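S.K.: Take a look at the following structure, please.
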Amino acid sequence: MVPQCSEPLHRNLRLRPLNRILVNILLDGMLAALAAPIARWLAAPQDGLLHPLWFLAGGAVTLVVSGLPFRMPQQYWRFSGVSDLMGIAGASVASSALFSLGLYVMHYPLPSFTFPIIYALVLLVLLGGLRVAYRLAHRLRQFRAAQRCVVLVGVDAGADLFLRAMERNPEEGVKVAGLIALGTNQAGRRLHNIPILGHVDEVQTILERLARVGNLPETLVVTEPLFRGAGLSHLLNTAAAYNIAVMRIPALTALTPAERVELRPIPLEDLLNRPQIPLDREGMEQLITGQTVLVTGAGGSIGSELVRQIACLEPKHLVLLDHGEFELWQIEVELVELAPHVPRSIVVADVRDEERMERVMAQHQPALVFHAAALKHVPIVEANPAEGLLTNVHGTRVVADSAARHGAQAMVVISTDKAVNPSSLMGAAKRAAEMYCQALDIQARAVTDRSMMRCVTVRFGNVLGSTGSVVPLFRRQLERGGPLTVTHPNMCRYFMTVPEAVGLVLQASVRGVRSQRGSSDTDALLRDGGIFVLDMGEPVKIVDLARQMIRLAGLRPDDDIAIKFTGLRPGEKLYEELFHGREAPVPTDNPGLLMATPRVVDLAEVSRAVDQITSLARQGDVQAALRVLTLLVPEFRHNPDGQVHSAQGAENDKIPELYPSQSDHTEQVV
């Protein structure tokens, strides 16, 4: 039952706007009564200021009547703007004309022929001036009552809207002390009468100057959405030295009608400084629209984003496959809201189960397969080596072979930078999977039969916020008050956002499938087993990432939140690589995509190795399986103890006896 207002309260709510209207009418009438003798005196000074009461009453009545069409009684003086002043001007002219006409009808001589003009101007000055004075007095009270001092970074539409929003919301208690420009030649100018203090490159000097005069802001508010990367990182570091928080304003669409402006923390993604890469949207639509698409690992970070972006490209049918029920349920709930019109199937299956995958492929017969299913957490795969080999090596082959048998046009394999000069079992297993898919693709491109499945491999590094990555770990540790755990002071990784990585994966898919008829350098490299590598930019030190996350939370590294170094974990190395030491990165004809040309192995040879690895892993003889894997991936230099090596990426001469061999299978390896 909805509670009802009491009758007295309801009556008060109805009477409140009526009372305000009556007050407006009374004040405007008094001003008009005052304006009439002043205008007559200005028109004929010799007649003096004393006039009969009917003269004053006539001025008041004519203004009240003339102001009704211009809605003067309904005006909010505190928010008076240009439109209100235009209404006052119209009412002033109309009142002057009506009053002068009344004097003429009553045979009362006009003081002078300029009286109507003078009377209209006096009305405009008194009525408009009082409203402007009221608004300025209100702003002065706001300014004095403001408790939070901020400086805006950006002199743009966002800054203009923010300042207007602060005028509409005095209860925010925000005082804008100045603006810092991102463009040149703006220092010394003013926006809404607030000074532009200098350029963002001079932020250190600006803050020092404000500190000397005791006007240091509590917060720097970034109003320009495109200000990010190195410049933003420098701003954060400088602000941290003065214990100043850095925030962003909401998007313009959210800010414009805002009743209450809520500043937002700087997203970690803004610090990557990755330029927007134009994607071939038309090519993606031609590849996916109207096709049946299957995504393995559809509940994971990369798989679920693939599903989201593919669903927006209008596939004929979308098949979501994962072995985790909860993960599938999560992405299904999202798709109900994001793309309810796209037909889809939810499949719980293990990519290692050959019979199950065969039935799935036979039932749906996908034209495109995106293989994102894998075990990716390095220490967990080190602790469960047989499972890692079976999922990452055998599972990839099962999906590829089954998709090819059932007429798939292409399979896109998601790989990792950990496959380059691998030090972990996970990385070596992913490199073996790459090699099998390379061999399949070389065979498909070597024949003229275009019905054979293309196998496109895409390699990239870490993605921000993915399951098991360092960013969610740091966030949880921050919520608990720290410390943030970093394995080593020199640990570096490549990073990009999940949507960006998946967008480039789709771009690589388009380019890889189209290449069957191409004759460019990129096409030639693909025919020779080339692998697409996403342009990840510059690597980031994990300890620097931790410090920035602490600052973004409004805290101070080492003072408020400690950083603790825990040492490398099993299988880890300090520096990940996107290319083998002997292969040079080759640019492609698509921005954001590079090409790697790693060593290739004949399909029959790599198939025999995968057979042996699978058989040995199923038997639990991990040591023998690792020997086969090392012969297949000779650059594999296992680091099971998490030791720091001065030179990484050298070829392994020996696999440590970490897992005791059940039997000697040396004669079986390739």
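Laboratory data are not the source of any read-out in this text; all were calculated from the coordinates shown. Bear in mind the structure is a predicted one, so any value in this text is a computation, not a measurement. So basically every Cβ, Gly included, is an ideal-geometry build from the backbone, and we count neighbours across all protein chains shown.
S.K.: Taking 18 Å as the cut-off for C-alpha to C-alpha distance, list the pairs among K376/K541; K376/K418; K430/K541; K418/K541 that go past it.
M.R.: Too far apart for the 18 Å limit: K376/K541; K430/K541.
S.K.: Further, regarding this structure: With a bin width of 5 angstrom, please list the P(r) values of segment 426-577 as percents of all Cα-Cα pairs, from the 0 bin to the one holding the largest distance.
M.R.: Spelled out per bin, shortest first, that is 2, 8, 15, 16, 15, 12, 9, 8, 6, 5, 3, 1, 0, 0.
S.K.: Between D611 and L22, 0.36 nm times their residue separation minus their Cα-Cα distance comes to what?
M.R.: The D611-L22 span can extend by a further 202.9 nm.
S.K.: At a 10 Å Cβ-Cβ cut-off, how would you order T485, T223, T630, T205, fewest neighbours first? Please list the in-between numbers first.
M.R.: On the way: T485 15, T223 24, T630 20, T205 12.
In increasing order of surrounding Cβ atoms, one gets T205, T485, T630, T223.
S.K.: Compare the peptides 599-608, 406-415 by average per-residue count of other Cβ atoms within 10 angstrom and give them in order, highest first.
M.R.: Final packing ranking: 406-415, 599-608.
S.K.: Let me ask something else about it. Cβ neighbours within 10 Å, averaged per peptide: list 98-109, 436-447 in order, most packed at the top. It would help to have the intermediate numbers written out before the result.
M.R.: Working: 98-109: 13.4, 436-447: 19.8.
Packing proxy ranking, top to bottom: 436-447, 98-109.
S.K.: Oh, and also: Points 7 angstrom from Cα along the Cβ direction at R599 and K541: gap in nanometres?
M.R.: Label at R599, label at K541, 3.4 nm between them.
S.K.: Here's a follow-up. How high is the FRET efficiency between V65 and I277 when r is their beta carbon distance and R₀ equals 51 Å, given to the nearest 0.05?
M.R.: Working: r = 65 Å, r/R0 = 1.27.
My answer for the efficiency is 0.20.
S.K.: Calculate, in nm to one decimal, what S520 and A362 gain on full extension: separation in residues at 0.36 nm each, minus their alpha carbon distance.
M.R.: 53.3 nm
S.K.: Which residues in segment 283-310 place their backbone N less than 17 Å from a point set 7 Å from the Cα of K316 along the Cα-to-Cβ direction?
M.R.: What the label zone holds, given the 17 Å backbone N cut-off, is 285-295.
S.K.: How would you rank 470-476, 190-196, highest first, on the average number of other Cβ atoms within 10 Å across their residues?
M.R.: With the highest mean Cβ count within 10 Å placed first, the list reads 470-476, 190-196.
S.K.: For segment 287-403, I need the span (max minus min coordinate) of the C-alpha atoms along each principal axis, in Å, sorted largest to smallest.
M.R.: On the principal axes, segment 287-403 reaches 42, 26, 22 Å in Cα extent.
S.K.: While we're on this one: For a quick check: with amide H placed at 1.01 Å from N, whose amide H comes under 5 Å from V540's, ignoring anything fewer than 5 positions away on the same chain?
M.R.: Answer set, sorted by chain and number: R493, Y494, F495.
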